[in-house]
Amino acid sequence: FTRSEMMVMEMLSTNEWKRPMYFAVTIGSDYHLGLDPYLELTGMAYRITPTRSEDGRPRVNTEVMYDNMLHKFKYGNVNIPGIYLDENTLRMCRTHRMMFCQLAEALYDEAKYDEVIEVLDFAEEMLPGYNVPYDYTSASMATLYYALDEIEKANAIMTKVADNCIEYLYWGYSLDKQNQLANQSTLGHHVAVLRFVLNNFQRHEQTELFDKYFELYNQYAN
């Protein structure tokens, strides 16, 4: 055991649940010491609990997380058009978006559909695509819009995700062969995300959008 792991075990053994203990969501699961079944997502942190989950994975406390994400957190003017976001800030913004997605999915599983839409709309307002580029997480959030028959909102996100993928692929395949090989995994990721978008267009009968992007997809799929 490392000193940090021994410290966590010592805190757990002496705390006796008198004060809450948390892992930040940015900490890799390798540092959880096998406690995943006892973790409860409350926002940007997992709370350690004495209760084991049924499926052995971290739970989502939708009530606490909803209040934290929508009413307590401050998003620092990220939604001001043209504001500069450095690489570290963008990475944290994407983490926040991922947490919004997990919250929305958990609320959907609980059939709290009005709250799902509220969470998705709020995430779009606080972390807009014009400042925080859309990615796979955004596409996953759009699938929830589709599931709740919010077709226009879903299409708006999906098309922007597709556009970002096409732009990256156009740039990547304009490089020489050596640099293409160096970026092959990232290029492959964008092809996979674009395929995910197309599958959703087809599943939800968005024929015009499917036809538009399928032609572009075929240029890079092979």
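The values are calculated or read from the model by the stated rules, or taken from the named source; none is laboratory data. Nothing here was measured: the structure is a model prediction, and the numbers come from that model. Cβ atoms come from the backbone with ideal geometry, glycine included; neighbour counts cover every protein chain shown. With ligands, DNA and RNA removed, areas are computed over all heavy atoms of the protein, side chains included. Shrake-Rupley method; radii C 1.70, N 1.55, O 1.52, S 1.80 Å.
Identify, from the list 151, 117, 83, the residue that is in contact with an Asp or Glu (Cβ under 9 Å, 6 or more places away or on another chain), among the β-branched types (Val, Ile, Thr) and touching a residue at least 12 places away in the same chain (Cβ under 8 Å).
Exactly one residue qualifies, and that residue is 117.
Tell me which residues, restricted to region 1-51, are among the hydroxyl-bearing types (Ser, Thr, Tyr), in a loop (DSSP other than H, G, I, E, B) and either in contact (Cβ under 8 Å) with a residue 12 or more places away in the chain or surrounded by 10 or more Cβ atoms within 10 Å (Cβ to Cβ) (or both).
Selection gives 26, 42, 49, 51.
Collect the residues in region 155-173 that are part of a helix (DSSP H, G or I), surrounded by fewer than 18 Cβ atoms within 10 Å (Cβ to Cβ) and of a type in the set (Ser, Thr, Tyr), keeping them in residue-number order.
Hit for region 155-173 is 170, nothing else.
Just a yes or no: is a residue in region 174-189 assigned to a helix (DSSP H, G or I), within 16 Å of the chain's Cα centre (by Cα) and surrounded by fewer than 17 Cβ atoms within 10 Å (Cβ to Cβ)? Outline the logic, then answer.
We begin by selecting, within region 174-189, every residue assigned to a helix (DSSP H, G or I); these are 177-182, 184-189.
So of that shortlist, the ones also within 16 Å of the chain's Cα centre (by Cα) come out as 189.
Cutting the leftovers down to surrounded by fewer than 17 Cβ atoms within 10 Å (Cβ to Cβ) gives us 189.
So far as region 174-189 goes, yes, one or more of its residues are assigned to a helix (DSSP H, G or I), within 16 Å of the chain's Cα centre (by Cα) and surrounded by fewer than 17 Cβ atoms within 10 Å (Cβ to Cβ).
Within the group 161, 191, which residue is in contact with a Ser or Thr (Cβ under 6 Å, 6 or more places away or on another chain) and within 19 Å of residue 137 (Cα to Cα)? Lay out the reasoning, then the answer.
On the way: 191 fails: in contact with a Ser or Thr (Cβ under 6 Å, 6 or more places away or on another chain).
It is 161.
Can you report the number of residues in region 52-85 which are under 24 Å from residue 29 (Cβ atoms) and in a loop (DSSP other than H, G, I, E, B)?
Number satisfying all stated conditions: 9.
List the number of the failed condition for residue 140; all other conditions in (1) out of contact with any helix residue (DSSP H, G or I) (no Cβ under 8 Å at 6 or more places or on another chain); (2) open to solvent by less than 50 Å² (accessible area, probe 1.4 Å) hold.
Result: residue 140 passes all but (1).
Might you let me know whether region 176-188 holds any residue that is touching a helix residue (DSSP H, G or I) at 6+ places or on another chain (Cβ under 8 Å), touching a residue at least 40 places away in the same chain (Cβ under 8 Å) and of a type outside the set (Asp, Glu)?
no
One line per residue, one yes/no per condition, for (1) in a helix (DSSP H, G or I); (2) closer than 24 Å to residue 197 by Cα; (3) of a type in the set (D, E, K, R):
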| residue | (1), (2), (3) |
| --- | --- |
| 95 | yes, yes, no |
| 100 | yes, yes, no |
| 103 | yes, yes, no |
| 106 | yes, yes, no |
| 117 | yes, yes, no |
| 124 | yes, yes, yes |
| 131 | no, yes, no |
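Any idea which of 88, 68, 79 is open to solvent by 60 Å² or more (accessible area, probe 1.4 Å), within 28 Å of residue 139 (Cα to Cα) and either under 16 Å from the mean Cα position of the chain (by Cα) or among the polar types (S, T, N, Q) (or both)?
Details: 68 fails: open to solvent by 60 Å² or more (accessible area, probe 1.4 Å); 79 fails: open to solvent by 60 Å² or more (accessible area, probe 1.4 Å).
The unique qualifying residue is 88.
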